[in-house]
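*Asks:* Here's a structure for you.
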Amino acid sequence: MSLRFYDTRARQVRDFVPLREGHVSLYLCGATVQAAPHIGHIRSGVNFDILRRWLVHRGYRVTLCRNVTDIDDKIINVASAEGVPWWEVSERNQRAFTWAYDILNCLPPTVEPRATGHVPEMIELMRRLIERGHAYPAADDSGDVYFDVTSFPDYGELSNQRLDQMRGAGDTDSDRGKRDPRDFALWKGTRPGEPSWETPWGSGRPGWHLECSAMATKYLGPTFDIHGGGVDLVFPHHENESAQSRAAGDGFARYWMHNGLLSMSGEKMSKSVGNSLLIPEIVREVRPVELRYYLAQAHYRSVIDYSVEALREAAAAYQRIEGFVTRAVEAVGDVAPSKELPEPFAEALDDDLGVSQALAAVHNHVREGNSALAEGAKERVAEVTARLRGMLTVLGLDPLSESWADTGDSGLRGVVDALVTVALNQRQAARERRDYATADEIRDQLLDAGITVEDTPHGPRWELRNG
RNA sequence: GGCGGAGUGGCCGAGUGGCUUAGGCAAGGGACUGCAAAUCCCUGUACACGGGUUCGAUUCCCGUCUCCGCCUCCA
């Protein structure tokens, strides 16, 4: 079967055929850097990172453009409240996003353009829209420029909304100079004390949607393959992007993919609601790789209702995988990830990125591998491990990936190993003379120090306790 | 008012017109072990409710209830 994805516009699963053979152009709505990232932002990052990795595995060259919107009302408000320049706020938050993507092992985008670096492209797009009669400068000389939604018959097709059923956009303070309340701002005229850029229609700053159209087109071309983001962006953001670009004569996105939201106690997590869950807090509960597993395990279009209990369960499930890989490598030495992946796994991902089912294949391999390990069937262990690592690499969850390597313990591991070995030798001696009280006491002391001991047919092995 | 999604066993979470009705976590039993741990094997409890279609529905259709998202900033 071929690769296929659920397309929001078509409202069904469609076979995926890229515009150019062997190449996929992917635009992802990244952050509006008005605050530090919460777990919901990162879910989107993880979901689309897996999409990207899968496309690469399927042999495509992927150009991923993930924007940063570094100017908007909230950024200005935060800056004003803190008494710092707007760009200090966006820089700080962009760094926080980059850090979060990195520790979650999301591969960096091919290009990460910022809105304020693309004002000329936005002006050009507005010029085209005005020339074609789809946009107009506000009648009150405020400097606002609006998109005329009634001029574009397809308006509403992405989100399946009818213009006559819509409420007003209300995306400016006063809707000054709008012809129709549903028109949306391409450009917002200057207000005192706010940053602004010059345009032929007066000075001002970008509206919310224009930057994505301008940047997607600049880096991916007038028509590109996939546009992604959270479902909450479908309307108005993506609807407006699509309207702008297509009214200007561009083909724009051919497939629209949207990830489901993350909720807390059944309520949407949102910055404005104030119940956000920040990444630094979560990685105190579980390790980043376990957080990634948690976010990846549910289908990307489903809602995840966040709970610490579910997060811990996911961590336990991941540790089972990790435990096998660790023991396998101890038994048979390093095994490179296989490029050839089991059919059930590949089938699952081909079908609208069925990560949940793909993980079933992963766990089946873990079980098979554990059995092989118990039987001492080294060749089979190596085979299973290679395939397992191949699958995990595609999911960005390979325990042996350097991305997860602890830093800052240079050389210490060897020292600890030597010390633990001393203790374990004493424990073995105690066991041999059947002094189990002493043996167990040594084991307990190691556990208190964060070291778990397991007895195997080949002698004891130790690990640092997770979490 | 309009558009859309969802209700699965103790929990998380896939999926399907009947076939072995994923997978994980937790629980119980067994194997292994000095005891543990890890691992393997086995076990139970499902498809919100009411109708309909069908030889057969958790899966399709209709209705009801409940929850959530979007139409306002949002991943």
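*Asks:* Can you pull a Stokes-Einstein diffusion coefficient for chain A at 37 °C (0.692 mPa s), Rh from Kirkwood over Cα pairs, as a whole number of µm²/s?
*Replies:* 132 µm²/s
*Asks:* Place +1 on the Cβ of every Lys and Arg and -1 on the Cβ of every Asp and Glu in chain A, take the dipole about the Cα centre, and give the residue among A:M215, A:P344, A:V355 whose Cα lies farthest towards its positive end.
*Replies:* Positive-most Cα among the choices belongs to A:P344.
*Asks:* Per DSSP H run of n ≥ 4, the term is -39500 (n - 2.57); total these for chain A, divide by its residue number, and report the mean residue ellipticity at 222 nm rounded to 500 deg cm²/dmol. Walk me through the numbers before you get to the answer.
*Replies:* Working: 14 runs with 202 residues, N = 467.
It lands at -14000 deg cm²/dmol.
*Asks:* I'd like the antiparallel share, as a percent to the nearest 5, of DSSP beta bridges with both residues in chain A. Mind dumping the intermediate values first?
*Replies:* On the way: 26 of 50 bridges.
Antiparallel: roughly 50 percent of the beta bridges in chain A.
*Asks:* How big is the accessible area of A:E309 in square angstrom, nearest 10, if you roll a 1.4 angstrom probe over the protein chains?
*Replies:* Ignoring ligands and nucleic acids, A:E309 comes out at about 130 Å².
*Asks:* Okay, next question. What is the angle, in °, between the Cα long axis of helix A:355-375 and the longest principal axis of the Cα atoms in chain A? Nearest 10 is fine, range 0 to 90.
*Replies:* 10 degrees
*Asks:* Same structure again: Note down the accessible area of A:H363, probe 1.4 Å, to the nearest 10 Å².
*Replies:* Accessible surface of A:H363 is approximately 40 Å².
*Asks:* Would you mind checking A:K218/A:K339; A:K188/A:K268; A:K178/A:K218 for any pair whose Cα atoms are more than 31 angstrom apart?
*Replies:* Numbers: A:K218/A:K339 34 Å; A:K188/A:K268 29 Å; A:K178/A:K218 29 Å.
Where the Cα-Cα span goes over 31 Å, the pairs concerned are A:K218/A:K339.
*Asks:* Any idea what angle helix A:119-131 forms with the longest principal axis of chain A, computed on alpha-carbon atoms, 0 to 90 degrees, nearest 10?
*Replies:* The angle comes out at about 40 degrees.
*Asks:* Ok, one more. In chain A, with Lys and Arg counted as +1 and Asp and Glu as -1 at Cβ, which of these residues, A:S371, A:N77, A:T452, has the Cα nearest the positive end of the dipole, that is, farthest along it?
*Replies:* Of the candidates, A:S371 comes out farthest on the positive side.
*Asks:* So what's the gap between the Cα centers of region A:55-76 and region A:2-39, to the nearest angstrom?
*Replies:* Using only Cα atoms, the two centres lie 10 Å from each other.
*Asks:* Scan around A:R14 for amide H atoms under 5 Å from its own, H built in the peptide plane at 1.01 Å from N, and keep only partners 5 or more places away or cross-chain.
*Replies:* When sequence neighbours closer than 5 places are left aside, the close amide H contacts are A:F5, A:Y6, A:D7.
*Asks:* Roll a 1.4 Å probe over the protein heavy atoms and report the accessible area of A:D140 in Å², nearest 10.
*Replies:* Its heavy atoms expose roughly 70 Å² to the probe.
*Asks:* Report relative contact order for region A:412-464 in percent, whole number only (criteria: Cα-Cα under 8 Å, sequence separation at least 6).
*Replies:* On the way: 35 pairs, mean separation 11.5, N = 53.
With pairs under 8 Å counted, the relative contact order is 22 percent.
*Asks:* List the trypsin sites (Lys or Arg not before Pro) within region A:256-340 that fall in a DSSP loop (any state other than H, G, I, E or B) and whose Cβ has at most 12 other Cβ atoms within 10 Å.
*Replies:* Numbers: sites: A:K268, A:K271, A:R284, A:R292, A:R301, A:R312, A:R320, A:R327, A:K339; in loops: A:K271, A:R301, A:K339.
Sites meeting the loop and neighbour criteria: A:K339.
*Asks:* Using a 7 Å offset from Cα along Cα-Cβ at A:M166, what residues in region A:133-157 end up with backbone N under 20 Å from the label point?
*Replies:* Hits in region A:133-157 for A:M166 at 20 Å: A:133-139, A:144-157.
*Asks:* Using Cα pairs closer than 8 Å and at least 6 residues apart in sequence, work out the relative contact order for region A:4-259, in percent. List each step's numbers first, then the result.
*Replies:* Values: 450 pairs, mean separation 59.3, N = 256.
So the answer I get is 23 percent.
*Asks:* Helix A:288-297 versus the longest principal axis of chain A: what angle, 0 to 90°, nearest 10, using Cα atoms?
*Replies:* 70 degrees
*Asks:* What whole number of Å gives the distance from the Cα centroid of region A:212-291 to the Cα centroid of region A:133-161?
*Replies:* 22 Å
*Asks:* Suppose every K and R has +1 on its Cβ and every D and E has -1 on its Cβ; what is the size of the dipole of chain A about the Cα centre, in Debye to the nearest 20? Before the final figure, lay out each step's value.
*Replies:* Details: 53 positive and 69 negative charges, 101 e Å.
Dipole of chain A, to the nearest 20 debye: 480 debye.
*Asks:* How long are the semi-axes of the equivalent ellipsoid of region A:194-332, defined as square roots of 5 times the Cα gyration tensor eigenvalues? Whole Å, largest first.
*Replies:* Values: eigenvalues 311, 80, 45 Å².
Computed over region A:194-332, the values are 39, 20, 15 Å.
*Asks:* Any idea what the relative contact order of chain A is, in percent, if you count C-alpha pairs under 8 Å spaced at least 6 apart? Don't jump to the answer; show the numbers that get you there.
*Replies:* Values: 722 pairs, mean separation 71.8, N = 467.
This gives 15 percent for chain A.
The values are calculated or read from the model by the stated rules, or taken from the named source; none is laboratory data. The structure presented is a predicted model; accordingly, all values stated were derived computationally and were not measured. Positions of Cβ are generated from backbone atoms using ideal geometry, with glycine treated the same way; all protein chains shown enter the neighbour counts. When the accessible area is computed, the model is the full protein with side chains, heavy atoms only, and any ligands, DNA or RNA have been set aside. Shrake-Rupley method; radii C 1.70, N 1.55, O 1.52, S 1.80 Å.
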